[in-house]
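A short worksheet on the structure shown next.
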Amino acid sequence: MNWPNKTEREELEIAGFIEAYVRLPENQQLEVLSKGEKPDFVVRDKKNNGEYGVELTSVYLDDRSVPDVHMKDEERIVEIPYNEDEVEKYMKGLVGAVIDKVCKARKGYDSSRPLILAIYVNEYISIYLGKSELEELVLRYEGVFDAMVPFKEVVFWNLGHGGAFRVTPS
């Protein structure tokens, strides 16, 4: 299997994010206006013409999970056992990604539009994460999510059934 380069990966991720975002309660339909850096994309809400900056990030268990697990060519279905320690490690990685991106965004992202942090939940162990686990994560790390400015929301996507989970500061 050939792993996509950065440009291909970002194109796949923004398309996947837009597809998941429409499933949130507000049913906002986004379209890409432009590709950039800091944030990665500018999108427009088709209903109200509002523009948003979208910063993409992916979270993995470690640097070896892609070559060792995700890129394996398996002829059969691979069982993914529940491992509490790995799930906890992954959830801490999600929080770490929020902290990292917030710090970077505060140092020079274009914030002329509201910013959305789109976190691609892209690790096999994430099959054990649903709405209740993410709600618990947000409560446990409430201070992180309350201090997520300049992002107006963090969206975890690629959940079961193509779903998404939105967090906004309280």
Open item on the list: Looking at the structure I just gave you, is Tyr120 outside any helix (DSSP H, G or I) and buried (at least 16 other Cβ atoms within 10 Å of the Cβ)?
Closed with: yes
Task: the range 34-48: number of residues that are under 23 Å from Gly163 (Cα atoms) and out of contact with any Ser or Thr (no Cβ under 8 Å at 6 or more places or on another chain) - done: 8
TODO: Quickly run through the range 147-166 and pick out the residues that are out of contact with any strand residue (DSSP E or B) (no Cβ under 8 Å at 6 or more places or on another chain) and either within 14 Å of Leu117 (Cα to Cα) or part of a strand (DSSP E or B) (or both).
DONE: Ala147, Val149
Open item on the list: Restricting to the range 97-143, and then to whatever is at pLDDT 95 or above and of a type in the set (Val, Ile, Thr), can you tell me which residue is nearest to Asp45 (Cα to Cα)?
Closed with: Ile116
TODO: Output the residues belonging to the range 59-90 that are at pLDDT 90 or above and polar (S, T, N, Q).
DONE: Asn83
- [ ] Filter the range 131-170 down to the residues that are aromatic (Phe, Trp, Tyr) and over 19 Å from Gln28 (Cβ atoms), then identify the one that is farthest from the chain's Cα centre (by Cα).
- [x] Tyr141
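Okay, residues lined up against (1) touching a His at 6+ places or on another chain (Cβ under 7 Å); (2) exposed (fewer than 12 other Cβ atoms within 10 Å of the Cβ); (3) not in a helix (DSSP H, G or I):
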position: Thr7; (1), (2), (3): no, yes, no
position: Glu10; (1), (2), (3): no, no, no
position: Glu13; (1), (2), (3): no, no, no
position: Pro25; (1), (2), (3): no, yes, yes
position: Glu31; (1), (2), (3): no, yes, yes
position: Lys38; (1), (2), (3): no, no, yes
position: Val42; (1), (2), (3): no, no, yes
position: Asn49; (1), (2), (3): no, yes, yes
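The values are calculated or read from the model by the stated rules, or taken from the named source; none is laboratory data. The shown structure was predicted, so the numbers you read here are calculated from the model rather than taken from an experiment. Because the Cβ atoms are built from the backbone with ideal geometry, glycine has one as well, and the counts that use them run over all protein chains shown.
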